[in-house]
Amino acid sequence: MAEMADRTVVRKPDIVQALQALGVRPGDILLIHSSMKSFGYVADGPLAVIEAAMEAVTEQGTVVFPTLVQRDFAHAYLNWDKARSPSDVGLISETFRRMAGTVRSDQATHSVAARGCQAVELTSGHTAYGP
């Protein structure tokens, strides 16, 4: 219990403020390669990180997370299911991928998921045979 008392709690407003301090502005396209461990203890978990990113870019922007599938790389194209193949790059990207309103590119090994006004444009041409 003493460990919990010693940990700093990171909240959604802290993340929004940090993103803004880094120069993230309304209307931006924000690509986030993330790790829950790097944040410390986040109140409300991965959802707080996602909501903070969306708030920082506003409804005029777009948030993108890599949703790479690496666990069965040799058979990735045989087993690929754009809607169901989980992200292998962490809890935040997997939570984001599963959220309503998120779209995912159709690329078996190096997919991305996006939400926002340019989400479809950023993901639609990203296939194994395209950009």
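Okay, here's what the table says:
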| item | result |
| --- | --- |
| Residue in the stretch 77-86 that is part of a loop (DSSP other than H, G, I, E, B), surrounded by fewer than 15 Cβ atoms within 10 Å (Cβ to Cβ), modelled with pLDDT of 90 or more and touching a strand residue (DSSP E or B) at 6+ places or on another chain (Cβ under 8 Å) present | yes |
| Residues (surrounded by fewer than 16 Cβ atoms within 10 Å (Cβ to Cβ) and outside any helix (DSSP H, G or I)) located in the stretch 87-105 | Met99, Ala100, Gly101 |
| In the stretch 1-24, residue farthest from Thr58 (Cα to Cα) [restricted to those that are at pLDDT below 75 and small (Gly, Ala, Ser)] | Ala2 |
| From His126, His110, residue being at pLDDT below 90 and surrounded by fewer than 16 Cβ atoms within 10 Å (Cβ to Cβ) | His110 |
| Condition check for Ala43: at negative phi and more than 15 Å from the chain's Cα centre (by Cα) | yes |
| Per-region count, the stretch 113-131, residues assigned to a strand (DSSP E or B), without any contact (Cβ under 8 Å) to a residue 60 or more places away in the chain and either among the acidic types (Asp, Glu) or under 20 Å from Glu55 (Cβ atoms) (or both) | 2 |
| Subset of the stretch 7-37 that is hydrophobic (A, V, I, L, M, F, W, C) and either part of a strand (DSSP E or B) or within 12 Å of the chain's Cα centre (by Cα) (or both) - its residue that is farthest from Arg97 (Cα to Cα) | Val9 |
| Subset of the stretch 61-76 (residues that are within 14 Å of Thr109 (Cα to Cα), at pLDDT 90 or above and among the polar types (S, T, N, Q)) | Thr67 |
| Subset of the stretch 38-60 (residues that are at pLDDT 95 or above, assigned to a loop (DSSP other than H, G, I, E, B) and within 16 Å of Pro13 (Cβ to Cβ)) | Ala43, Asp44, Thr58 |
| Condition check for Ser105: over 10 Å from the mean Cα position of the chain (by Cα) and not hydrophobic (A, V, I, L, M, F, W, C) | yes |
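The values are calculated or read from the model by the stated rules, or taken from the named source; none is laboratory data. These figures come from a predicted structure and were not determined experimentally. In this analysis, Cβ positions are derived from the backbone assuming ideal geometry, glycine residues included, and neighbour counts consider all displayed protein chains.
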